Amino acid sequence: MSAQAFLPVDLHCHSVFSDGVLTPAELAERAHANGVRLWALTDHDEVSGLSQARAHAQDRGMVFVDGVEISVTWAGHTVHVVGLGINPAHPGLRASLHAMRVGRQARARAIGDRLADLGFAHAYDGALPFAANPELVSRTHFARFLVQQGHCADLGEAFRRYLGDGKPAFVPTRWASLTQAVEWIRQAGGKAIIAHPGRYDLDDTRSHALFSQFQDLGGVGIEVLTGSHTAQEYAIYAQVARRYGFQVSCGSDFHGPSEGRIDLGGLPPLPAGLVPVWQEWL
Ligand code: AMP
Ligand code: MN
Ligand code: MN
Ligand code: MN
């Protein structure tokens, strides 16, 4: 028996319905070409791409899982919670996500104002063409604008210098509460997963508080393999999953062909001794 080079599972990525650059059809094609058998689309605060993604996934013989990535404010930090196996038609979920997207519009204008103050005129109007979904203008779209204009070499620089938390063009935003996000996902029949836990700037006490509160609310798992984690973090969060009895999810967090560290379908095999969240799906 030879070990597989890549995990045939990818349960986290973004389309043009949020801040990805590919359509659901293009993502399905890429996932399939890269050997994915079980795929989820998880746009930020948005489920409108799922019906197209599902149709294209099924055309290619992949198993498709309806997903979403909900923005949460927890103890002053932005935390992302992925919902997998949700019913995208659930009225409560749809209404709640819609309200979050409405809030993004004023925030995007405020980000544009801050960038204008920093000398980047018309940043809001410049970011808009990058956002195919006018309800979902994100910092990523502003970052792409800054790169296009030659102000930054890449997205990382745009976040480091301007858009990242606490940086000059950062506009503090109150997203959903952890309780709300987990409730919305569970009410829509899905499993709640903490996305890329290695990305939050939390000390051990805070991390423990997040994981145990999440578990008490009915959250079932954490991402271990993600494009946001280093190999060392794979091991750290595998251990966290074993310690808390969390199921494990894995996804590239792919946004586009020339962005990010890991391609769609490019995750390595899962460390031993973990319970995959996808057991019942594949
Ligand atoms: P928003 O939801 O508008 O706050 O935008 C958050 C998105 O910005 C994340 O989902 C990432 O896609 C992107 N992002 C955050 N930090 C970085 C970074 N350092 N480099 C590239 N993209 C980033
Ligand atoms: Mn994103
Ligand atoms: Mn995220
Ligand atoms: Mn993501």
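Numbers at a glance
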read-out	value
Selection within region 250-282 - of a type in the set (A, V, I, L, M) and open to solvent by less than 10 Å² (accessible area, probe 1.4 Å)	264, 267, 277
Selection count where residues are open to solvent by 40 Å² or more (accessible area, probe 1.4 Å) and either farther than 22 Å from residue 116 by Cβ or part of a loop (DSSP other than H, G, I, E, B) (or both), scope region 149-169	9
Unique match (being within 13 Å of ligand 1 (Cβ to nearest atom) and either more than 30 Å from residue 183 (Cβ to Cβ) or assigned to a helix (DSSP H, G or I) (or both)) among 115, 136, 93, 146	146
Hits in region 188-208 - residues which are away from ligand 3 (no atom under 16 Å from the Cβ), in contact (Cβ under 8 Å) with a residue 40 or more places away in the chain and open to solvent by 30 Å² or more (accessible area, probe 1.4 Å)	189, 191, 206
Yes/no for residue 230 being of a type in the set (Val, Ile, Thr), within 20 Å of the chain's Cα centre (by Cα) and either open to solvent by less than 70 Å² (accessible area, probe 1.4 Å) or modelled with pLDDT of 95 or more (or both)	yes
Members of region 36-76 found to be within 14 Å of ligand 1 (Cβ to nearest atom) and at positive phi, listed by number	45
Filtered residue count, region 1-53, keeping only those that are touching a helix residue (DSSP H, G or I) at 6+ places or on another chain (Cβ under 9 Å), away from ligand 2 (no atom under 16 Å from the Cβ), in contact (Cβ under 8 Å) with a residue 60 or more places away in the chain and of a type in the set (Gly, Ala, Ser)	1
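The values are calculated or read from the model by the stated rules, or taken from the named source; none is laboratory data. Computed from a prediction, not measured in an experiment: that's the story for all the values here. In this analysis, Cβ positions are derived from the backbone assuming ideal geometry, glycine residues included, and neighbour counts consider all displayed protein chains. Accessible surface is based on the protein model in full, side chains and every heavy atom, while ligands, DNA and RNA are left aside. Shrake-Rupley method; radii C 1.70, N 1.55, O 1.52, S 1.80 Å.
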